[in-house]
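Read the structure below first, then the notes.
The values are calculated or read from the model by the stated rules, or taken from the named source; none is laboratory data. Small disclaimer: the values here were computed from a predicted structure and weren't measured. We place every Cβ from the backbone using ideal geometry, glycine too, and count neighbours over all the protein chains shown. Quick note on the areas: whole protein, heavy atoms, side chains included, nothing else; ligands and nucleic acids left out. Shrake-Rupley method; radii C 1.70, N 1.55, O 1.52, S 1.80 Å.
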Amino acid sequence: MFDFVRKHTKIMMFVMFLLIIPSFVLFGIDGYNKMSNKGEVVARVGGVEISQAEWDAAHKAESDRLRASMPNLDAKLFDSPEARYATLERLVRDRVLTQAVESIRLTTSDARLARELQENPTIAALRRPDGSLDMDRYRQLVASQGLTPEGFEARVRQDLSVRQVEAAITATGLAPAAIADVSLNAFFERREVQFINMASADFASKVNPTEAELEAYYKANPTQFQAPEQASIEYLLLDLEAVKKGITISDADLKAYYDQNVARLSGTEERRASHILINAAKDAPGADRQKAQARAQELLQMVRKSPDSFGEVAKKNSQDSGSAPNGGDLDFFAKGAMVKPFEEAAYALKKGDISDVVESDFGFHIIKLTDIKVPVQRSFAELRVGIEADLKTQQAQRQFAESAEIFTNGVYEQSDSLKPVADKLKLEIRVAEKLGRQALPGAKGVLANPKFLNAVFGNDAIEKKRNTEAVEIGPNQLAAGRIVKHTPARTLPLAEVTPAVRERVVAARAYELAKKEGADKLAALKAAPDSAAMPAPVEVSRVQAQNVPPAMLKAILRAETKALPHLWSASIKSQRVQRPRRPPPSRTAANTHSGGLARRGRPTLPSLRSGSKLRCVPLNPLVRCPNWPPPQCSKPRILREQAI
C-alpha cells in the first residue's frame, strides 16, 4: 500500500485537495475552531461565555500571585477543586460587575485615572529625581503582569468604574418600617420617675467587723489580695535609629548628593491646564474618529476667536464628565501624570496659550494652559539637615539586615549576657523594673509588645536567666531581654492588706443593710402607697438620662408598665476589685449599688435605690417626630411614671 502511495504521489495529493478544500469552503476555519472548542464553555454571564481556557489562564495567574506573596504555601492547595472553583466564582463576579458598569454607563475620567496612578505607591517609586516617570521601568512593571501601558491603564480605569458599582451596594442600606418604628419608639420613649435612694455609705458606720471576721474574709478571698508576678529586666532594642547613630556622612558626600538632586529636592514644575475632550475610543471606526476630530476643530476655532470663553465652551461641549462641570479644569499636575501626547502638548505651551487639537487614545483634546508653578531652587544650607537625615536613613536601611544578623546570632550564642552584642553594635542596655506578663498602664514601645513580654516570661528566661531570642516587634525593629530578678505571684500577708480587707468587709455589710432597709420601705409603701412623701419627679429617656446612672436608667426603662402605679425596688451593684501590687493604701476599690459610680482614688460605699411607684399614662404628642428618620417614623410613645 505504501509503495502505491510513493509511486502515485501526485494522484494522492489531488485526492487530498478534493477532500479538504471543499470542507473549508463549506464550513470555514471558524467552524473548525468552534468544533474544536465545543463543550469548553464553563459559565455564562448575561449571554457572555467563560471558556475553559479563560478559567485555566485566570487560575494560573491567581496561583502565581499567591506563590509570589506566600512562597511557603503548599503548592498542592492551588490545584485543589476548591481553589479552582473559587477562581471561577471570582471570574463570574467580575463579569457581573463589568456588565453592571456597562449597563448603567459608568465611566472614569482622565483626571480621576491620573489621580489614581499618581497615588499608586508602586508607580510613585518609578519617578526620577526630577519628578518625571521612568517610562522604561513603567513598561517593565506592567509587562510583568502581561500588559502594555495602555492595557494597564484601561484595567485601572475599569477597576475604578467597578468600585462605583460596589460602593453603591456596600455603602447603602434599607430598614423596614416596622423595625425602624420599634427601634425609634424605644429610643425616644420617656418615663417620668420618682425614687428614693438608700446609700449604703449611710450604713457604714453601723458596721464594726471583728478581727476574726476580717481573717475569715481574707482566707475566703485570697485572689483579691495577691501581688502579681513581676520581673526586673535588661533589654536591647535594635532599630533604624540605633543603626543611624553609628553612621557619619562626610560634607563632600552631602554636597555631591545636593548637586545631583537639587532639582528634585527643590520640587518639580507643575502645570495647570483646562481641556475640552471629544471622546473617540482608540479602536473606534475611522469614520467616527474623523467625525470627532472635525467637531474638535470646530470648537478650537470658537475658543481661539474668544479665549475667555474656554471655560463655558468646555462646560457645554467637553465629554470628560469629571472636568467639564469645572470648565475643563484639571488642576495642577506634574510630568508623568497624563498620557504622553497630552503631557507633551501641555508642557510645550506658554501660560494662556491654547493648543491645536491633540489626539490621544481617549479622543481629541483642546488644551489651555492656565498656570505654571515653578519651584524655587533651595540652597545647600537650607537642605543640608534633610539631606543628611535622608542619607543616614538610606545607609541604615542597607546596613540593618547585616546588623540584625549580628544581633540575632549574638543574643543566642552568648546567652548569659547582653553586653557583648551591645558593645559590638554600640547599643544601650536599658533597664525596666516591676515588669508583668501584661503590659503596664502607660507602657509604650517594646515594653508594651505582647511577643516580647511572652519571650521575657518564657521558661528559659525565668529558670536559667538566659537571653531571650531576638523578637521582631515591628518593621526594622528587633528586641532581646534577660531577667535580672524574678518575683513569682504571691498572696500578700494579712498584716499588709488589713485596711483593704476591712474596707471590703464594711462595704459588703453596709450594702446588705441598705438592701434590707430598702425592702422594708418597699413593703411599707405597698401597704399604704398614698402616704409616701416623694421627691420631685424626673423625666428620663435614653436620649436624656438626667444624670441617672446607666444601670439605674436601664432598670427604669425595663420596669413593667401594664398596671400603674407600679412599685418596685432596684438593687444596682457593680464591683471592681484591684489586686494590690504592694501594701495597699487606706482606700480600696468601690462597690456601687444602684447609683454611686466609683472613681479611682475616691471610693464610694454601696448605695441602694429602692421602691418604684410607676404611674404610666400615654401623653398626647409632646415630642414631635424628628427630621430623621423619614416620614414613616411613628410618634414615640411617651409614658409618665412615678417611682419611689
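Here are a few things to note about the model shown:
- First in the range 495-510 and under 17 Å from A212 (Cβ atoms) and in contact (Cβ under 8 Å) with a residue 12 or more places away in the chain, second anywhere and in a helix (DSSP H, G or I) and aliphatic (A, V, I, L, M), Cβ under 8 Å, 6 or more apart: T498/L214; V501/L214; V501/L494; R502/L214; V505/L214; V506/A204
- Subset tally (residues that are aliphatic (A, V, I, L, M), part of a helix (DSSP H, G or I) and open to solvent by less than 30 Å² (accessible area, probe 1.4 Å)) for the range 244-258: 1
- Filtering K219, K206 for residues that are within 30 Å of P529 (Cα to Cα) and open to solvent by 50 Å² or more (accessible area, probe 1.4 Å) leaves a single hit, K206.
- Flag for E503 being crowded, with 16+ Cβ neighbours inside 10 Å, modelled with pLDDT of 90 or more and farther than 18 Å from Y235 by Cβ: yes
- Where R482 falls short, out of the listed (1) modelled with pLDDT of 90 or more; (2) basic (K, R); (3) not in a strand (DSSP E or B): (3)
- Unmet requirement for A346, which otherwise passes all of (1) within 24 Å of A124 (Cα to Cα); (2) touching a Gly at 6+ places or on another chain (Cβ under 9 Å); (3) of a type in the set (G, A, S): (2)
- Only one of Y258, Y217 that is modelled with pLDDT of 85 or more and aromatic (F, W, Y): Y217
- In the range 107-121, the residues that are in contact (Cβ under 8 Å) with a residue 12 or more places away in the chain and surrounded by 15 or more Cβ atoms within 10 Å (Cβ to Cβ) form Cβ pairs under 7 Å with partners that are acidic (D, E) and part of a helix (DSSP H, G or I), at six or more places apart or across chains, as follows: L113/E153.
- Yes/no for A180 being among the hydrophobic types (A, V, I, L, M, F, W, C), farther than 30 Å from F342 by Cα, out of contact with any Asp or Glu (no Cβ under 6 Å at 6 or more places or on another chain) and buried (at least 16 other Cβ atoms within 10 Å of the Cβ): yes
- Just one residue in the set K515, K521, K554, K526 is without any contact (Cβ under 8 Å) to a residue 24 or more places away in the chain and either more than 25 Å from Y217 (Cβ to Cβ) or open to solvent by 70 Å² or more (accessible area, probe 1.4 Å) (or both); that residue is K554.
- Every pair of residues 6+ apart whose Cβ atoms lie under 9 Å, when the first sits in the range 89-103 and is at negative phi while the second is charged (D, E, K, R) and open to solvent by 40 Å² or more (accessible area, probe 1.4 Å): R90/E62; L91/E54; L97/E166
- For the range 550-572, the candidate set comprises residues that are within 18 Å of K515 (Cα to Cα) and part of a loop (DSSP other than H, G, I, E, B); within that set, the residue that is nearest to the chain's Cα centre (by Cα) is I572.
For (1) open to solvent by 20 Å² or more (accessible area, probe 1.4 Å); (2) over 28 Å from G131 (Cβ atoms), each residue gets a yes or a no:
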| site | (1), (2) |
| --- | --- |
| H365 | no, no |
| S379 | yes, no |
| T393 | yes, no |
| E405 | yes, yes |
| G410 | no, yes |
| D416 | yes, yes |
| L425 | yes, yes |
| K434 | yes, yes |
| L447 | yes, yes |
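- Test result for K305, at pLDDT 90 or above, of a type in the set (K, R), out of contact with any helix residue (DSSP H, G or I) (no Cβ under 9 Å at 6 or more places or on another chain) and open to solvent by 30 Å² or more (accessible area, probe 1.4 Å): yes
- For beta carbons closer than 8 Å, sequence separation of 6+ or different chains, a first residue in the range 283-300 that is exposed (fewer than 14 other Cβ atoms within 10 Å of the Cβ) and a second that is at pLDDT below 90, the qualifying pairs are D288/A280.
- Positions within the range 520-546 being assigned to a loop (DSSP other than H, G, I, E, B) and of a type outside the set (K, R), in sequence order: A528, A532, A533, M534, P535, A536, P537, V543, Q544, A545, Q546
- Summed over the range 306-333, residues that are under 34 Å from the mean Cα position of the chain (by Cα) and over 20 Å from G352 (Cβ atoms) total 5.
- Check on L478, surrounded by 14 or more Cβ atoms within 10 Å (Cβ to Cβ) and over 35 Å from the mean Cα position of the chain (by Cα): no
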